[in-house]
1. At a temperature of 37 °C and a viscosity of 0.692 mPa s, determine how fast the range 21-60 diffuses translationally according to Stokes-Einstein, using the Kirkwood radius over alpha-carbon pairs as Rh; express D in µm²/s, rounded to the nearest whole number.
2. Given contacts defined as C-alpha pairs under 8 Å and at least six residues apart, what's the relative contact order of the chain, whole-number percent?
3. Once fully extended, how much extra length lies between residue 194 and residue 26, figured as 0.36 nm per residue of separation less the alpha-carbon to alpha-carbon distance?
4. What's log10 of I(q)/I(0) for the range 35-175 at q = 0.09 Å⁻¹, Debye sum over Cα points only, no solvent?
5. Once you have the Cα-Cα distance between residue 232 and residue 12, take 0.36 nm times their residue separation minus that, and quote the gain in nm to one decimal.
6. Considering the alpha-carbon set of the range 1-79 alone, what are its Rg and its Dmax in angstrom?
7. If each DSSP helix of 4+ residues adds -39,500 (n - 2.57) and the sum is divided by the residues in the chain, what number results at 222 nm, nearest 500 deg cm²/dmol?
8. Report the gain in length on full extension from residue 314 to residue 3: 0.36 nm times residue separation, minus Cα-Cα distance, nm rounded to one decimal.
Amino acid sequence: MALLRFEALKTLSERPRLPVELPDFQVSKFFGENVFGPDQMRSALVPSVYNKVRQAIKNHEKIDETTADAVASAAKAWAMNKGVTHFTHWFQPLTGGTAEKHDSFFDALAGIEKFKGSELVQQEPDASSFPSGGIRSTFEARGYTAWDPTSPMFIYGRTLCIPTVFVSYTGETLDTKSPLLKALKAVDNAATKVCQLFDKDIQHVSASLGCEQEYFVVDKALFMARPDLVMSGRTVFGHSPARGQQMEDHYFGSIPSRVYDFMKDFEIESWKLGIPLRTRHNEVAPSQFEVAPLFEEVNVANDHNQLLMDVMTRVAERHNLRVLFMKNLLRA
């Protein structure tokens, strides 16, 4: 084990930096460029269809088939202009992460790229291997994903990602998004009634959230030399962590150069995806850092937090780093 660590330290000392520069000095020039949000929908859809979509989102109503076809056609054209070849229903099963099954726009039988409203609204991924809480047997394992229009579609890599809920054939919840949407609707209804006691003009109350993300960054070589990190994503052995103010010189200190490049890199990727990152700094423990966004509506903020963790993990690979999201658990 000691030999592994010495080899890892030697590799670390020879790592070159991967300098990162902004694609444009003004972030506003490229912020959300990979998101099919309200502005993109307004420019791609005729006003009557756009208004139907906005009203359906606002009032939690079902989007009709004709409108769904129009949205699907516009989203496909927008995505293919950006080099996208596949689409996926992006959902959050009971695994603590996200899941996706990619389908190609290309229809070999028709010989053209197609994307129908029915494919946008609903898909049927196999649910047999996802946690279900024992609510159904394996032979009843069909699961369905259904489009959540309150969270905008986005491009990740060469894939158009469609945020969705995930439910069983008989309607049981199989994800973390469905309960959240139900809770937000219940809060909206209850809070609106209270607010109308004071102001009859209030029609809607929304909850907001800003998920700060604390994380650890370690070199890939050091990570691979620690079986506990590889297998569990956290330390199992080592010295006990500091309990006082021993690391006060690290907190809000100067950001190490390799980590600074990594931070800039994942911020750029996140801004393109419409994630409103604002703050970055050193945290208290060695190799611990923090990133925090502006507040958004809870459902979108939750999706952005899940997406941010995936972005950070993928970008870290480019910098020969590994990100650990187990808060306050890394030991020296």
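Values in this text are rule-based calculations from the coordinates and carry no lab data. All values reported here derive from a predicted model rather than from experimental measurement. A quick note on method: Cβ atoms are made from the backbone with ideal geometry, for glycine too, and the neighbour counts reach across all protein chains shown.
1. Rounded, D is 276 µm²/s.
2. Over the chain, the number comes to 20 percent.
3. Values: separation 168, 0.36 × 168 = 60.48 nm, distance 4.20 nm.
Going from the current span to full extension adds 56.3 nm.
4. Values returned for q = 0.09 Å⁻¹ are -0.28.
5. Working: separation 220, 0.36 × 220 = 79.20 nm, distance 2.21 nm.
Full extension from residue 232 to residue 12 adds 77.0 nm.
6. Reported Rg and Dmax, both Å: 23.6, 68.
7. -11500 deg cm²/dmol
8. Computed gain between residue 314 and residue 3 is 109.1 nm.
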